[in-house]
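**Q** Below: one structure in structure tokens.
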Amino acid sequence: MELSEALRALSAWLMPSGQTGIGLERLPPAVLPFAIFGLRAADLTLATWRMLAVVQGRRLFVWVTGFLQAAFFITAVAGVLSQLGNLWNLAGYSAGFATGNVVGIWMEARFGAGHSLLRTISRRRGGAVAAALHAQGLGATEIAGQGPEGTESTVLCYVPRRQVDPTRDLIVAADPEAFVSVEEVRRLGGGWRA
Amino acid sequence: MLDWFSIPGPWLGVIIFGLRVVDMSLDTLRVLFVIRGQRAAAWFSGFFQSAIWVVAITSVLGNLDSWWNLVAYAGGFATGSVVGMAIEERMAVGYGHLRIMSPRRGQAIAAAVRQAGYAATELSGRGKDGMVSVVTCSVRRLHIGLVQRTVGAIDPEAFITVQDVRPLHRGFWRA
């Protein structure tokens, strides 16, 4: 069986009385591309978030989101696959796919679990950066290094992912010229937090 | 394409589940290989994943005629992702960079890590309550657990993080 035939058979199952699982084809043709866009975006948001969790090794989260995503795909998204001959519907599908990717990354950065390591390089104000982080109850370790203008500091700080942006603001407030980078790390043991 | 999928009964759900597990295991492996820059492994897992998807999954999709099959489909998808992660972790291809922070026992940790046959570099840093040691150490991913136990035996409080690295030039890697 060809892919298109299989999808048509799937649609027939989802539309036993000429309806999709959630009655999408009853929508006016002008609205359908937007509905397809929304469904595909939601599907890909879950998929992207799941993939980031795969890299972090978080198995339970991967299983649950994988189950939800597959069930959502087959009940809602697969129902509109047969409608993609229409160019507007196809555009909605593709834009939903692309948007879901971006939304998934955005959601994960704000609500995702796990930690990141912030590495700050400061020419003159490394001590102030470390002190500002300590004052917020965050662990920070300052290491001395040699730069073009003499001794400079590298400050390592391990924070929950959702605190990366506020912590960056804290560092930049202590040294507006600090160079800050983020690394994805996993914790194996230990650590300190106020 | 595959006539035996027209076999009715509870076996269809089991077949759907099994195919999705294999399919998604390979897909998850492929993504992890891509991230670690392992091109050959990514090519092979991608080839077999898409082959299974086209030959088998499309045949199954036309037979999703009950809620049990739908649950088997979604369950297989979810389980396959987790199986792929477990396989990749077991294979542990690649390298990890360990960063160990210890307020008091840095020197002893570096010595023990070297004793175990790995290279370790010790840096001194300043933490909230004074000086700390930062010991960095790059090892094969397979050996991460061993190094972690070595460190834990000396300083159970040591703060250890690990991240993926790709070697560019030289370095000392215990076989």
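The values are calculated or read from the model by the stated rules, or taken from the named source; none is laboratory data. Bear in mind the structure is a predicted one, so any value in this text is a computation, not a measurement. Quick reminder, even Gly has a Cβ in these numbers, built from the backbone with ideal geometry, and neighbours come from all protein chains shown.
**Q** Out of the residues in the range B:87-101 meeting the condition of being charged (D, E, K, R) and surrounded by fewer than 21 Cβ atoms within 10 Å (Cβ to Cβ), tell me which one is farthest from the other protein chains (Cβ to nearest Cβ).
**A** Among residues in the range B:87-101 that are charged (D, E, K, R) and surrounded by fewer than 21 Cβ atoms within 10 Å (Cβ to Cβ), the one farthest from the other protein chains (Cβ to nearest Cβ) is B:Arg90.
Residue by residue, here is whether (1) under 17 Å from the mean Cα position of the chain (by Cα); (2) at pLDDT 70 or above; (3) surrounded by 21 or more Cβ atoms within 10 Å (Cβ to Cβ) holds:
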{"site": "A:Glu5", "(1), (2), (3)": "no, no, no"}
{"site": "A:Gly23", "(1), (2), (3)": "no, no, no"}
{"site": "A:Ala42", "(1), (2), (3)": "yes, yes, no"}
{"site": "A:Ala53", "(1), (2), (3)": "yes, yes, yes"}
{"site": "A:Gly57", "(1), (2), (3)": "yes, yes, no"}
{"site": "A:Ile74", "(1), (2), (3)": "no, yes, yes"}
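**Q** Ok, one more. Return the only residue of A:Arg187, A:Arg162 being closer than 26 Å to B:Val135 by Cα and either in contact with a strand residue (DSSP E or B) (Cβ under 8 Å, 6 or more places away or on another chain) or surrounded by 15 or more Cβ atoms within 10 Å (Cβ to Cβ) (or both).
**A** Testing whether each residue is closer than 26 Å to B:Val135 by Cα and either in contact with a strand residue (DSSP E or B) (Cβ under 8 Å, 6 or more places away or on another chain) or surrounded by 15 or more Cβ atoms within 10 Å (Cβ to Cβ) (or both) leaves just A:Arg187.
**Q** Within the range A:136-150, work out how many residues are closer than 20 Å to A:Glu177 by Cα, surrounded by fewer than 16 Cβ atoms within 10 Å (Cβ to Cβ) and within 13 Å of another protein chain (Cβ to nearest Cβ).
**A** Count: 3.
**Q** A further question on this structure: In the range A:85-194, which strands (runs of 3 or more DSSP E) lie fully inside it and hold 3 or more residues that are closer than 29 Å to B:Pro156 by Cα and without any contact (Cβ under 8 Å) to a residue 40 or more places away in the chain?
**A** The strands (runs of 3 or more DSSP E) meeting that bar are A:140-147, A:150-160.
**Q** Among the residues of the range B:140-175, how many are away from chain A (no Cβ under 12 Å) and outside any helix (DSSP H, G or I)?
**A** Total satisfying the criteria: 11.
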